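Asker: Shown below is the structure under consideration.
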Amino acid sequence: MLNSYSSADKALLAVDCIIFGFDNEGLKILLIKRDFEPEKGKWSLIGGFLKRDEVLDNAAIRILNTYTGLNDIYMEQLYAYSEIDRDPVERTISVSYYALINIENHNAELIKNYHAQWFSVADAPNLIFDHNEMVDHAIRRLRYRTSIKPIGFELLPEKFTMRQLLELYEAILSKELDKRNFISKINSLEILNKLEEKDMQSSRKGSYLYTFNKEKYEEKLLNDFVLNL
């Protein structure tokens, strides 16, 4: 058995993270400019290699924390990429994750130090290797998840208006939603706490602020509810 291990081919295992954020201008993605060859000076997803003492999820958590300073990030494993020539230096298999963070909460100094930058998803530059494919997979998964389950609250501030929530969903799904129908479906789930506070910047009368009720959301998940936008 030991001889079988020693004679087996070896490959590096990378973890690449598609990090999404949201602001008033739409859905964003965090990219990094490579400072080493190959493809030095070109834009890339944020990633790293799996360590001997790590499982994949912990590697993704470490990478996300290193570049954003955040912990307890919503993330989901996506897909494994194993094309033989995907990395010109050495045979490398990559497992991708997508993550959702609030742009206001990340460590801006860390991002600056690592030469990372937020881009609009619609206007993001061409990426190295197969990273464009990874982003496409992540966007499709995020849109699917959002169409059936109310995820994405990690992209919003702690207190938000219904309009902000609607604009988030429209940015993710890349389509205009019927406002009344959207509000009706969200309210029917009873996963929001309506506050007495108002955002007075949105209109003269102001808009009520909401917070996300995680406990009620998790109860709904146990009942396999579907949002169906």
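The values are calculated or read from the model by the stated rules, or taken from the named source; none is laboratory data. Everything numeric in this text was worked out from a predicted model, so none of it was measured. FYI the Cβ positions are ideal-geometry reconstructions off the backbone, even for glycines, and counts take in every protein chain you see. The protein model used for the area step is the full one, side chains on, heavy atoms only, and it has no ligands, DNA or RNA in it. Shrake-Rupley method; radii C 1.70, N 1.55, O 1.52, S 1.80 Å.
Asker: Under 19 Å between alpha carbons, and skipping anything fewer than 8 positions from K205 in its own chain: which lysines qualify?
Answerer: Reachable lysines: K159, K179, K194.
Asker: Quick check for you: with a 1.4 Å probe and neighbouring chains kept, what is the accessible area per residue of segment 44-172, in Å²?
Answerer: 51
Asker: Name the residue from L30, F119, I103 whose Cα lies farthest towards the positive end of the charge dipole of segment 8-156, charges +1 on Cβ of Lys and Arg and -1 on Cβ of Asp and Glu.
Answerer: I103
Asker: Please report the carbon-and-sulfur percent of the accessible area for segment 26-83; probe 1.4 Å, protein heavy atoms only, DNA, RNA and ligands left out.
Answerer: Numbers: 1540 of 3280 Å².
The nonpolar share, carbon plus sulfur, comes to 47 percent.
Asker: Label points 7 Å out from Cα along the Cβ direction at R62 and D136: separation in nm?
Answerer: So the label points at R62 and D136 sit 3.2 nm apart.
Asker: How large is the helix-only mean residue ellipticity at 222 nm for the chain, computed as the sum of -39500 (n - 2.57) over DSSP H runs with n ≥ 4, divided by its residue count, in deg cm²/dmol to the nearest 500?
Answerer: Result for the chain, helices only: -10000 deg cm²/dmol.
Asker: Excluding F129 itself, what net charge comes from residues whose Cβ is under 15 Å from its Cβ, given Lys and Arg +1 and Asp and Glu -1? Kindly include the intermediate steps, with their values, before the conclusion.
Answerer: On the way: positive: K33, R34, K40, K42, R86, R91; negative: D16, E37, E39, E83, D85, D87, E90, D130, E133, D136.
Every neighbour counted, the sum reads -4.
Asker: Okay, next question. Can you tell which of K149, K175, K42 shows the greatest fluctuation in a Gaussian network model of the chain with Cα springs below 10 Å?
Answerer: K175
Asker: Right, here's the next one. Run the dipole for the chain about the Cα centre, Lys and Arg Cβ at +1, Asp and Glu Cβ at -1, nothing else charged, and hand back the magnitude in debye, nearest 20.
Answerer: 580
Asker: Then there is this: What is the Å³ per residue value for the convex hull set by the Cα atoms of segment 1-59?
Answerer: On the way: hull volume 7.6 nm³, N = 59.
Per-residue hull volume (Cα only) is 129 Å³.
Asker: Let me ask something else. List, in the order given, every pair from K42/K175; K149/K198; K185/K216; K112/K214 whose Cα-Cα distance in the structure shown is over 21 Å.
Answerer: Details: K42/K175 30 Å; K149/K198 26 Å; K185/K216 15 Å; K112/K214 32 Å.
Where the Cα-Cα span goes over 21 Å, the pairs concerned are K42/K175; K149/K198; K112/K214.
Asker: Exactly which GluC sites (Glu not before Pro) in segment 71-168 are in a DSSP loop and have at most 15 other Cβ atoms within 10 Å?
Answerer: Sparse-neighbourhood loop GluC sites (Glu not before Pro): E83, E90, E158.
Asker: Using the C-alpha gyration tensor of segment 71-147, what are the square roots of 5 times its eigenvalues, in whole angstrom, with the largest one first?
Answerer: On the way: eigenvalues 105, 64, 35 Å².
For segment 71-147, the ellipsoid semi-axes come out as 23, 18, 13 Å.
Asker: Restrict the search to segment 135-173; then list the trypsin sites (Lys or Arg not before Pro) that DSSP places in a loop and that have at most 15 other Cβ atoms within 10 Å of their Cβ. Display every interim value, and only then the final one.
Answerer: Details: sites: R140, R141, R143, R145, K159, R163; in loops: K159.
Sparse-neighbourhood loop trypsin sites (Lys or Arg not before Pro): K159.
Asker: State the percent of C-alpha pairs, over all pairs in the chain, separated by a distance greater than 25 angstrom.
Answerer: Here the tail beyond 25 Å accounts for 47 percent of pairs.
Asker: With all protein chains present, how much of the accessible area of segment 101-229 (probe radius 1.4 Å) comes from carbon and sulfur, to the nearest whole percent?
Answerer: On the way: 3430 of 7890 Å².
Using a 1.4 Å probe with all protein chains present, segment 101-229 comes out at 43 percent carbon and sulfur.
Asker: Tell me, what is the percent relative contact order of the chain, built from C-alpha pairs under 8 Å that lie six or more residues apart?
Answerer: Working: 347 pairs, mean separation 46.4, N = 229.
It comes to 20 percent, rounded to a whole number.
Asker: When ligands, DNA and RNA are left out and all protein chains stay put, how many square angstrom of accessible area per residue does segment 183-229 have with a 1.4 Å probe? All intermediate terms of the calculation are to be shown ahead of the outcome.
Answerer: Numbers: 3510 Å² over 47 residues.
Accessible area per residue: 75 Å².
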